[in-house]
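Read the structure below first, then the notes.
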Amino acid sequence: MNHLLAEITGNLHAGLALLGAAIGIGLIGAKFVEAVGRNPGAQNKVLVWAILCIALVESIFFYALFLVK
């Protein structure tokens, strides 16, 4: 019984981490579009930072995914 409870809570924590990463990537994308809409000339500079931030958020996603398995 204890093993089942540990598995359920571990999956719950991983699911919350994955949900947080998805929300974070969505917010980064939304702010990227907003920034380019305000200043189209800075698209390349903002794109580099957006890709970097998305990669960092995805690392949290992969840490949570690999720790569960």
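The values are calculated or read from the model by the stated rules, or taken from the named source; none is laboratory data. Worth saying up front: this structure is predicted, and the values here are computed from it rather than measured. When we count neighbours, we look across all protein chains shown, and the Cβ atoms used for this are built from the backbone with ideal geometry, even at glycine. Surface areas here come from the heavy atoms of the whole protein model, side chains and all, with no ligands, DNA or RNA. Shrake-Rupley method; radii C 1.70, N 1.55, O 1.52, S 1.80 Å.
Odds and ends about this structure:
- Close pairs from segment 1-25: first under 23 Å from W49 (Cβ atoms) and without any contact (Cβ under 8 Å) to a residue 12 or more places away in the chain, partner polar (S, T, N, Q) and assigned to a helix (DSSP H, G or I), Cβ under 6 Å, at least 6 apart: none
Residue-by-condition table, conditions (1) within 9 Å of the chain's Cα centre (by Cα); (2) open to solvent by less than 70 Å² (accessible area, probe 1.4 Å); (3) of a type in the set (A, V, I, L, M, F, W, C):
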| site | (1), (2), (3) |
| --- | --- |
| H3 | no, no, no |
| L18 | yes, yes, yes |
| A22 | yes, yes, yes |
| G29 | no, yes, no |
| V33 | no, no, yes |
| V36 | no, yes, yes |
| Q43 | no, no, no |
| V48 | no, no, yes |
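- Filter result for A64 (modelled with pLDDT under 95, surrounded by 12 or more Cβ atoms within 10 Å (Cβ to Cβ) and in contact with a Phe, Trp or Tyr (Cβ under 6 Å, 6 or more places away or on another chain)): no
- Residue tally, condition over 14 Å from Y63 (Cα atoms) and either of a type in the set (V, I, T) or open to solvent by 100 Å² or more (accessible area, probe 1.4 Å) (or both), over segment 6-16: 3
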